[in-house]
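Structure first, commentary second.
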Amino acid sequence: MFAILQYSFIQNAFIASFFVAVVAAVVGYFMLVRGLTFAGHAFSHVGFAGAAGAVWLGINPLYGLLVFTIAAAMGIGALGKELRERDIMIGIMFTLALAFGVLFLFLYNGYAEEAYSILFGTILGISTTNVIITAFFSLLTIAAVIFLFRPLLFSSVDAEVAEARGVPTQKLAVLFLILSAITVSISVQVVGVLLIFTLLVGPAATAMRLVKGPYQTICLSIALGLLYSWIGIFLAALTNFPVSFFIASLSFLVYLPVRLLVS
């Protein structure tokens, strides 16, 4: 069973999934508290358009993911200051990105395997270059969250009181959207666009049911994300089934009884 660890592509998958699981758990907790799960879903589709555009231009799809999602985050943050405006902007960005994704795939003459693989995740085929990029942006995002943790948590729980106390809530909102965009971009390599909620929402939602307090919740969320990812990679390597299928299934099978039994 453990003999598969000798292969470099398995090692790359475990290293990349470690960074992704940790950053997705940290950012996912704040996404749930701030009510931004729809934004996470939208960023994944915006990222698909970026990946398709990058394939059309002949560059690494991950670069397209990052550029498009960060640009969308800045646009949503700048134009959607109120909750209702924000949801409208997210919806508009969502549909516009899908339109561009279709256009880029139409313009591409070859077989866009890299772009299509973004839909379902390609963790077992991740390159060493993408592992390094994933590690860099994961560490950057985690460092930013740690630095902003107290004001970010304060503004997430009660934005009005935080603003009255002098916390720059609008700037924090835009910055967090950018951090969310980066997290989504690197996470889709593991579970794909269609199952992005698996790592962003699943572990955090389960942890919030089991423990109280932000620190305990984030730690448990990280542990669950790593558990889902690593077991999923092992099972995928042994059975040749998609990694994203196992990760999503594990996340659901753990969350369902917790949701039903824990009030």
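The values are calculated or read from the model by the stated rules, or taken from the named source; none is laboratory data. Values in this document were obtained by computation on a predicted structure and should not be read as measured data. Counting neighbours? That spans all protein chains shown, and the Cβs are built from the backbone with ideal geometry, glycine included. Calculation scope for accessible area: heavy atoms of the full protein, side chains included, ligands and nucleic acids excluded. Shrake-Rupley method; radii C 1.70, N 1.55, O 1.52, S 1.80 Å.
Miscellaneous remarks
- Residues of region 58-73 satisfying the condition of being under 11 Å from residue 93 (Cα atoms) and open to solvent by 20 Å² or more (accessible area, probe 1.4 Å): 68, 71
- If you go through region 99-127 and keep only what is at pLDDT below 80 and farther than 18 Å from residue 187 by Cβ, you end up with 105, 108, 109, 110, 111, 112, 113.
- All of 186, 247 fail the test of being under 19 Å from residue 39 (Cβ atoms), open to solvent by less than 10 Å² (accessible area, probe 1.4 Å), part of a helix (DSSP H, G or I) and β-branched (Val, Ile, Thr), apart from 186.
- Selected residue (only one of 254, 201, 211, 243 is without any contact (Cβ under 8 Å) to a residue 12 or more places away in the chain and of a type in the set (A, V, I, L, M, F, W, C)): 211
- Just one of the listed residues (226, 172, 148, 152) is surrounded by 15 or more Cβ atoms within 10 Å (Cβ to Cβ), in contact (Cβ under 8 Å) with a residue 60 or more places away in the chain and within 24 Å of residue 42 (Cβ to Cβ), and it is 152.
- Odd one out for residue 91, checked against (1) within 30 Å of residue 14 (Cβ to Cβ); (2) open to solvent by 20 Å² or more (accessible area, probe 1.4 Å); (3) modelled with pLDDT under 85; (4) out of contact with any Ser or Thr (no Cβ under 7 Å at 6 or more places or on another chain): (1)
- Taken together, 227, 195, 210 contain a single residue that is farther than 18 Å from residue 13 by Cα and either among the aliphatic types (A, V, I, L, M) or at pLDDT below 90 (or both), which is 210.
- Applying the condition of being at pLDDT below 80, among the hydrophobic types (A, V, I, L, M, F, W, C) and surrounded by fewer than 24 Cβ atoms within 10 Å (Cβ to Cβ) to region 1-56 and asking which residue is nearest to residue 199 (Cα to Cα) yields 38.
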